[in-house]
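Encoded as structure tokens, the structure appears first; notes follow it.
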Amino acid sequence: QQPVQSPQAVILREGEDAVINCSSSKALYSVHWYRQKHGEAPVFLMILLKGGEQKGHDKISASFNEKKQQSSLYLTASQLSYSGTYFCGTEWGGTSYGKLTFGQGTILTVHP
Amino acid sequence: DAGVTQSPTHLIKTRGQQVTLRCSPISGHKSVSWYQQVLGQGPQFIFQYYEKEERGRGNFPDRFSARQFPNYSSELNVNALLLGDSALYLCASSSGTGGNQPQHFGDGTRLSIL
């Protein structure tokens with residue numbers, strides 16, 4: 001079952017912060033975050049494994065709440081280059097290792 | 001190092017035809033996965049191959065098939081093309097099949113069915 005991302009779209013001005021959520025109705029093993037710009041391939045950002053781990057990547061970080069089966073992606077002090085569609089890809093363990101099920105995406109637009 | 005390379009970049013076919021898409025993984029990566037991305041949606045898993053064996057199959061009809069070669073490159077074949085097969089086909093490679101392995105995507109093949 002497809003994870004649910006929220007919000008569907010967000011508009012920011014440079015320097016503002018945003019949070020994108022990814023929720024699953026099934027127990028998660030891992031969550032993979034990607035950013036895709038129009039006409040380009042998805043670019044890998046980070047992986048979160050179950051255990052409430054938080055990772056950071058410059059001004060982009062993420063957390064994994066195992067209790068809620070939810071991951072959140074945090075973008076701080078946004079830059080124009082952050083614009084794009086953000087996807088979470090989920091793995092549910094067992095025989096689904098390596099099979100990512102993606103959410104519908106969150107469109108992020110950063111204006112000057 | 002070169003990333004994941006896919007060919008061709010664009011392809012136009014008519015209904016009923018067959019198509020073969022190709023993918024070369026990142027050097028040292030032994031796992032290749034194929035995804036279909038329809039405009040406005042997230043990628044949808046089609047196949048995963050590791051060490052030339054199929055390790056996973058998504059909810060796609062038997063018209064879709066794939067294989068992996070000894071050099072870890074891969075081909076995706078689609079027979080009896082339908083209008084609904086129009087999409088961006090993405091190949092992703094990873095070093096293994098474990099859940100903690102990042103998958104790196106190629107630029108994709110954009111397939112248009114007329």
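The values are calculated or read from the model by the stated rules, or taken from the named source; none is laboratory data. Since we're looking at a predicted model, the values are computed, not measured. All Cβ positions, even for glycine, are placed from backbone atoms using ideal geometry, and neighbour counts span all protein chains on display. All accessible areas refer to the heavy atoms of the entire protein, side chains included, with ligands and DNA or RNA removed. Shrake-Rupley method; radii C 1.70, N 1.55, O 1.52, S 1.80 Å.
The table for this structure:
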item: Shape metrics for region A:1-94, restricted to C-alpha atoms - Rg then Dmax, Å; result: 12.9, 42
item: Farthest positive-ward along region A:4-111 dipole, Cα basis, beta-carbon charges - from A:Q8, A:G98, A:T109; result: A:G98
item: Dipole magnitude of region A:4-111 about its Cα centre (Cβ charges: Lys, Arg +1; Asp, Glu -1), debye to nearest 20; result: 260
item: Radius 13 Å from Cβ of A:S83, net charge of other residues (Lys, Arg +1; Asp, Glu -1); result: 0
item: Modelled FRET efficiency - R0 25 Å, A:K26 with B:Q41, Cβ distances, 0.05 increments; result: 0.80
item: Additional length obtainable on full extension of the chain from A:E66 to A:Q104, 0.36 nm per residue less Cα span; result: 11.6 nm
item: Relative contact order %, chain A, counting alpha carbon pairs below 8 Å whose residues are six or more apart; result: 37
item: Heavy-atom SASA rank of B:I113, A:I11 (probe 1.4 Å, accessible area, largest first); result: A:I11, B:I113
item: Positive-pole candidate from A:S25, A:S83, A:I60, dipole of region A:4-111, charges at beta carbon; result: A:S25
item: FRET efficiency, A:L49 to A:H111 (Cβ-Cβ, R0 45 Å, nearest 0.05); result: 0.85
item: Rounded to the nearest 20 debye, dipole of the protein assembly as shown from Cβ charges on Lys, Arg, Asp, Glu; result: 380
item: Calculated from backbone phi, Karplus (6.51, -1.76, 1.60) coupling profile of region A:32-46 in Hz, x at Gly/Pro; result: 10, 10, 9, 10, 10, 8, 3, x, 10, 6, x, 10, 5, 9, 6
item: Nonlocal Lys pairs with alpha-carbon distance under 14 Å, the protein assembly as shown (8 or more apart, or different chains); result: 6
